[in-house]
Amino acid sequence: MTNAARADARHNRARVLEAAQEAFAAEGLSVPLDVIARRAGVGAGTVYRHFPSKEALFEAVVHDRIERLADELTALLTTPGAATGEAFFTAFSSTVEQAGLNKALCESFVATPKAEVAPEARRRYGIALAALLDRACQAGAVRPDAQITDVMALMAGCVAMEAHSATPGRATTLVLDGLRTGRSPLPTVTKPVTKPGYRNETSEEPGPPARCEECGTAIPTSRTGRPPRFCGGACRQKAHRRRATG
């Protein structure tokens, strides 16, 4: 492939992703792939050359959005609000608000564990949120018995409730108030609940690092959950394309 052809392919891929981001944000996974191709100004074949399925394209879009959220949360760890715990509440509210404006992001947050997309980006996001939660608990801003699994479940609930609320922010405000200190104690956890990428103090130490199924690169694993299969989106896409072409 010539340099001009490679540049043209990169340009087409960028156009497809841009069109997909807009389409999925407005309509979610239900938008037809040919609609995205039309918005990008390319043929359906061009879309399939870069993304073997609509689900693969959806995952690429969601991965990008969650990576941006993870960047925002990581930046919050260096703000003065991190020391007082307010950065945690900002992160929670911001995620729910952005998911409410983006159907693709909304669908990814309320998905069941088996249907989760962009697991690597979600893991990075979860680690940053867990760090903010720890800071908030240490500062006395969040009840000490709140766990990251509680927070993720509450966040998914807020995303779903806000989508049908006539008063934006009401459900989130009520939930965040319940996370603050001075509330009734929670029932004792009778069995450990784990989720990929999120801290659980009852989990065992991680074993040897997993390796990417595509390139063999070692992948850092979390203390809990199923190990990742790929080192990143590029290798995931290569694997998808290989399976699609047989």
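Observations on the structure shown:
- Spin-label model, R183 to H11: label points 7 Å out along the Cα-to-beta-carbon direction sit 5.3 nm apart.
- At R0 = 35 Å, FRET efficiency that the Cβ-Cβ distance of L101 and T2 yields, to 0.05: 0.30
- Segment 1-99 pair-distance distribution - Cα-Cα, 10 Å bins, rounded %: 15, 36, 23, 18, 8, 1
- Highest-first arrangement of 128-140, 31-43, 51-63, where packing means the average Cβ count within 10 Å: 51-63, 128-140, 31-43
- E86, E18, E116, reordered so the largest accessible area comes first (probe 1.4 Å): E18, E86, E116
- With a 1.4 Å probe rolled over the protein heavy atoms of all chains, the accessible area of H50, H11, H164 falls in the order H164, H11, H50, largest first.
- Rounded percent of accessible protein surface that carbon and sulfur make up, segment 63-134, 1.4 Å probe: 61
- Between Q138 and V110, the simple label model (points 7 Å from Cα in the Cβ direction) yields a spacing of 3.5 nm.
- Farthest positive-ward along segment 1-89 dipole, Cα basis, beta-carbon charges - from T74, V42, L29: V42
- Ordering 170-180, 64-74 by mean Cβ neighbour count within 10 Å, with the highest value first, yields 64-74, 170-180.
The values are calculated or read from the model by the stated rules, or taken from the named source; none is laboratory data. If you're wondering where the values come from, they're calculated on a predicted model, not measured in any experiment. In this analysis, Cβ positions are derived from the backbone assuming ideal geometry, glycine residues included, and neighbour counts consider all displayed protein chains. Heads up: the accessible areas ignore ligands, DNA and RNA and are worked out on the full protein's heavy atoms, side chains in. Shrake-Rupley method; radii C 1.70, N 1.55, O 1.52, S 1.80 Å.
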